[in-house]
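S.K.: A single structure is presented below for examination.
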Amino acid sequence: QVQPAESGGGLVQAGGSLRLSCAAPAQTFRNYYMGWFRQAPGKEREFVARVNWENDRPYYADSVKGRFTISRDNSRHTMYLQMNSLKPEDTAVYYCAAANSLVDFATSPIYWGQGTQVTVSS
């Protein structure tokens, strides 16, 4: 029943920044891959970024590369997504996700957060 919990979404003007946080139970998600997906209205859920437990293997979708930075602080049981140079097309509900293997993360993460809305105005 445990799940990660996102926060930090909001309304921002194009070119602005937001920092999303995902709080996850330290024990439950130990050694897990964690990352972010997003879903815009009427569109399929898409991968945004993910990072390994050691926080040294970030990976980004091409659409956000160079603008977003994913990181995690396991001592604080929190993962972050720093979003800079936001564009209107970044508007979506952002979901925190976790899986105990890269394969599982890529295909179907076991744990999902409730989502946090990010809206970027032009």
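The values are calculated or read from the model by the stated rules, or taken from the named source; none is laboratory data. As the structure is a prediction and not an experimental result, all values here were calculated from the model. Positions of Cβ are generated from backbone atoms using ideal geometry, with glycine treated the same way; all protein chains shown enter the neighbour counts. The protein model used for the area step is the full one, side chains on, heavy atoms only, and it has no ligands, DNA or RNA in it. Shrake-Rupley method; radii C 1.70, N 1.55, O 1.52, S 1.80 Å.
S.K.: What Rg and what Dmax come out for segment 60-106 when only alpha-carbon atoms are used, in angstroms?
M.R.: 12.3, 34
S.K.: Rounded to a whole number, what is D in µm²/s for segment 28-76 from Stokes-Einstein with the Kirkwood radius over alpha-carbon pairs (20 °C, 1.002 mPa s)?
M.R.: 182
S.K.: So how exposed is TYR111, as accessible area in Å² (1.4 Å probe, rounded to 10)?
M.R.: Solvent-accessible area, nearest 10 Å²: 60 Å².
S.K.: Could you do me a favour and compute the accessible area per residue for segment 1-57, 1.4 Å probe, result in Å²?
M.R.: 58
S.K.: Let me test this: with uniform point scatterers at the alpha carbons of the chain, what is the Debye-based log₁₀ I(q)/I(0) at q = 0.09, 0.17, 0.19, 0.23 1/Å?
M.R.: -0.21, -0.76, -0.96, -1.39
S.K.: Counting Lys and Arg as +1 and Asp and Glu as -1, what is the net charge of the other residues whose Cβ lies under 12 Å from the Cβ of GLU46?
M.R.: -1
S.K.: Per DSSP H run of at least 4 residues, take -39500 (n - 2.57); add these up for the chain, divide by its residues and hand me the 222 nm value, nearest 500 deg cm²/dmol. Walk me through the numbers before you get to the answer.
M.R.: Values: 1 runs with 6 residues, N = 122.
Helix-only estimate at 222 nm: -1000 deg cm²/dmol.
S.K.: Can you give the log10 of the normalised intensity I(q)/I(0) at q = 0.14, 0.25 Å⁻¹, computed with Debye over equal Cα scatterers of segment 1-40?
M.R.: Listed by q, the Debye log ratios stand at -0.43, -0.98.
S.K.: Among SER101, LEU20, GLN114, whose Cα projects farthest towards the positive end of the dipole of the chain, with charges put on the beta-carbon of Lys, Arg (+1) and Asp, Glu (-1)?
M.R.: LEU20
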